[in-house]
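**Student:** Before anything else, here's the structure in question.
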Amino acid sequence: MNQLSYERPTSLAGAQHALAKPGAQALAGGTDLIVQLRERRRKADVLVDLKHVAELREIGETADGGLLVGPSASATDLLRDGRIPERYPALATSLGMIGSRQIQNRGTLGGNVCNAAPSADAIPPLICYGAQCHLVGPGGERTIAIEEFFKGPGKTNLADGEILARIVLPPQPAKAAAHYLRFTPRREMDIAVVGAGVWLALDDNNHIEAARIALASVAPTPIRSCSAEAALLNRPANAETFAKAALAAKEDVTPISDTRGSAEYRKSLVETLTRRALEACAAQLQS
Ligand SMILES: Cc1cc2nc3c(=O)[nH]c(=O)nc-3n(C[C@H](O)[C@H](O)[C@H](O)COP(=O)(O)OP(=O)(O)OC[C@H]3O[C@@H](n4cnc5c(N)ncnc54)[C@H](O)[C@@H]3O)c2cc1C
């Protein structure tokens, strides 16, 4: 590791000031960044610790009944708060899958997003719930849909010096549910060979009026399966519809083969996990 300096701002303005320094990198829990620095996959001259900026850790309500999540809140903070498990359970499921208790105590939601790993577990549920990213930087403030945040493995649309300042979770319709499943060879401390997040909203006749399918580890960024979503729209929420949508999801993806699984294996997992997650959603909506 090269010589590093460390800054610990306590305000958003202080963080922005520190991040304007040459070679500055935002540091949250460090569970991705410190490993990458040690392995010389990333470089930094200044680490700007965002965990002491109170507003970046806050969890609050939006005026319309959604939730504002500070990116430096750890997975444990979010699970203990109770509002994520109650109102956004698929996101809570994914946070509970990250690493181990120790990793969840350190690792943050913002870090999981900004690290931009194609396998990141929290991203598919965020896409499913329609999350927005509020960004603050030298050019001012802007809000983008989470799906527009990613450019490639480890690459985001954050401009130089820009901070992810809030993740906004919109209120959910009464007849909507989401579910997240991943496949890993080990039960813990492993990353997804495939992850599948699904979200369904039903109309008064129990037909699907809106759907989102978000997949991890099958492309350079987390992706939505538009064909699977189209196969669900205006159809009854039943096994036949789900099987067709899951097949469409499989045909939508062109994953790579690597040490964790072949492309064919991943495609097969996409079909199985998508179908099972859709069935789990339907079960939630019936209960
Ligand atoms: C043993 C182990 C197991 C793991 N298992 C999993 C797993 O099962 N699933 C999974 O998805 N991940 C897993 N991870 C990866 C990691 O723990 C998560 O991605 C975690 O959420 C990262 O959060 P962090 O706060 O530690 O991020 P950091 O390492 O602090 O930061 C990650 C990146 O985000 C940037 N960043 C952080 N916050 C901001 C911000 N507010 N604005 C702009 N940029 C920011 C940093 O500059 C850095 O580039 C694992 C890691 C380890 C070491």
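**Student:** Each residue of region 149-164 in order: what ³J(HN,Hα) in whole Hz does its phi give by Karplus 6.51 cos²θ - 1.76 cosθ + 1.60, θ = phi - 60°, with x for Gly and Pro?
**Tutor:** 7, 9, 10, x, x, x, 10, 10, 8, 5, 7, 4, x, 7, 10, 6
**Student:** List the relative contact order of region 1-150 as a percent without decimals, with contacts defined as Cα pairs under 8 Å and 6+ residues apart. Before the final figure, lay out each step's value.
**Tutor:** Details: 229 pairs, mean separation 28.3, N = 150.
Contact order relative to length: 19 percent.
**Student:** Could you grab the Rg to Rh ratio for region 1-57? Cα atoms only, Kirkwood for Rh. Please list the in-between numbers first.
**Tutor:** On the way: Rg = 11.1 Å, Rh = 11.4 Å.
Ratio of gyration radius to Kirkwood radius for region 1-57: 0.97.
**Student:** Whole-Hz ³J(HN,Hα) for each residue in region 78-95, computed from phi via Karplus 6.51 cos²θ - 1.76 cosθ + 1.60 with θ = phi - 60°, x for glycine and proline: what do you get?
**Tutor:** With coefficients 6.51, -1.76 and 1.60, one gets 6, 6, 6, 4, x, 6, 5, x, 6, 9, 9, x, 5, 5, 4, 4, 5, 5 Hz.
**Student:** For region 211-286, count all C-alpha to C-alpha pairs, find those more than 22 Å apart, and express that count as a whole percent of the total.
**Tutor:** Counting every Cα pair in region 211-286, those more than 22 Å apart make up 20 percent.
**Student:** Another one. If amide hydrogens are placed 1.01 Å from N in the peptide plane, which non-local residues have theirs closer than 5 Å to the one on ASP190?
**Tutor:** Amide H to amide H, under 5 Å and 5 or more residues apart or across chains, ASP190 pairs with GLY99.
**Student:** Where the eigenvalues come from the Cα gyration tensor of the chain, what are the semi-axes √(5λ) of the equivalent ellipsoid, largest first, in whole Å? Write out the running numbers ahead of the final one.
**Tutor:** Values: eigenvalues 216, 93, 49 Å².
Gyration-tensor ellipsoid for the chain: 33, 22, 16 Å.
**Student:** Next question. Tell me the relative contact order for region 19-75 as a rounded percent, counting alpha carbon contacts under 8 Å between residues six or more apart. Could the numbers behind the result be given before it?
**Tutor:** Values: 71 pairs, mean separation 17.4, N = 57.
Relative contact order for region 19-75 comes out at 31 percent.
**Student:** For region 5-169, give the magnitude of the charge dipole about the Cα centre (Cβ charges: +1 Lys/Arg, -1 Asp/Glu; no others), in debye to the nearest 20.
**Tutor:** On the way: 18 positive and 18 negative charges, 121 e Å.
Computed about the Cα centre, the dipole is about 580 debye.
**Student:** Also, quick follow-up: Would you mind telling me which residue in PRO71, PRO89, PRO236 has the biggest mean-square fluctuation in a Gaussian network model of the chain, where springs connect alpha carbons within a distance under 10 angstrom?
**Tutor:** Between PRO71, PRO89, PRO236, it is PRO236 that shows the largest mean-square fluctuation.
**Student:** Here's something else I'd like to know. Rounded to the nearest 20 Debye, what is the dipole magnitude of the chain about its Cα centre when Lys and Arg each give +1 and Asp and Glu each give -1 at the C-beta? Don't skip to the end; give the middle numbers.
**Tutor:** Details: 32 positive and 31 negative charges, 170 e Å.
Value, rounded to 20: 820 debye.
**Student:** To the nearest Å, what is the center-to-center distance of region 20-79 and region 82-121, using C-alpha atoms only?
**Tutor:** 13 Å
**Student:** Starting from the coordinates of the alpha-carbon atoms of region 5-169, obtain the Kirkwood hydrodynamic radius over all distinct pairs and give the value in Å to one decimal. Intermediate values should be presented prior to the final figure.
**Tutor:** Working: mean 1/r = 0.0633 Å⁻¹.
It works out to 15.8 Å.
**Student:** Could you give the radius of gyration (one decimal) and Dmax (whole number) of the Cα atoms in region 67-118, in Å?
**Tutor:** Just the Cα atoms of region 67-118 yield Rg and Dmax of 10.1, 27 Å.
**Student:** Compute the length gained on full extension between ARG83 and THR10: take 0.36 nm times their separation in residues and subtract their Cα-Cα distance, giving the result in nm to one decimal. Spell out each step's value before the answer.
**Tutor:** On the way: separation 73, 0.36 × 73 = 26.28 nm, distance 2.55 nm.
Result for the pair: 23.7 nm of gain on full extension.
**Student:** Amide H to amide H, which residues 5 or more places from VAL46 or on other chains are under 5 Å from it, using H placed in the peptide plane?
**Tutor:** Hits under the 5 Å cutoff: SER5, ALA24, GLN25.
**Student:** Could you tell me the ratio Rg/Rh of region 95-153? Both radii from Cα atoms, Rh via Kirkwood. Mind showing how you got there, number by number?
**Tutor:** Values: Rg = 12.5 Å, Rh = 12.5 Å.
Dividing the radius of gyration by the Kirkwood radius yields 1.00.
**Student:** For the pair ASN105 and ASP190, how long in nm is the line joining their label points, each one 7 Å along Cα→Cβ?
**Tutor:** For ASN105 paired with ASP190, the spin-label model returns 2.5 nm.
**Student:** Hey, another quick one. What FRET efficiency would be calculated for the residue pair GLU141, ASP45, taking the C-beta separation as r and a Förster radius of 35 Å, to the nearest 0.05?
**Tutor:** Numbers: r = 26 Å, r/R0 = 0.75.
The pair GLU141/ASP45 has a calculated efficiency of 0.85.
**Student:** Now a separate question. Based on DSSP H runs of at least 4 residues, each adding -39500 (n - 2.57), what is the mean residue ellipticity at 222 nm of the chain after dividing by all its residues, to the nearest 500 deg cm²/dmol?
**Tutor:** On the way: 11 runs with 98 residues, N = 287.
Taking each H run of at least 4 residues, the total per residue is -9500 deg cm²/dmol.
**Student:** Here is a follow-up. Extension gain ALA20-TYR265, at 0.36 nm per residue separation less the Cα-Cα distance, in nm? Working shown, then result.
**Tutor:** Numbers: separation 245, 0.36 × 245 = 88.20 nm, distance 4.42 nm.
Difference between extended and current length: 83.8 nm.
**Student:** Per residue of region 274-280, what does 6.51 cos²θ - 1.76 cosθ + 1.60 with θ = phi - 60° give for ³J(HN,Hα)? Whole Hz please, x for Gly and Pro, Karplus curve as stated.
**Tutor:** With coefficients 6.51, -1.76 and 1.60, one gets 5, 4, 5, 5, 5, 5, 5 Hz.
**Student:** Around ARG166, which amide H atoms from residues at least 5 apart in sequence, or from another chain, sit under 5 Å from its own amide H, with H modelled in the peptide plane?
**Tutor:** Placed amide hydrogens put HIS134 under 5 Å from ARG166.
**Student:** Over the chain, what is the relative contact order in percent, taking alpha-carbon pairs closer than 8 angstrom and at least six residues apart?
**Tutor:** This gives 14 percent for the chain.
Read-outs: derived from the displayed coordinates by stated rules, not from any lab. This one's a predicted model, so the numbers in the text were calculated from it and none came from an experiment. Glycine also receives a Cβ, built like all others from the backbone with ideal geometry; neighbour counts cover every protein chain displayed.
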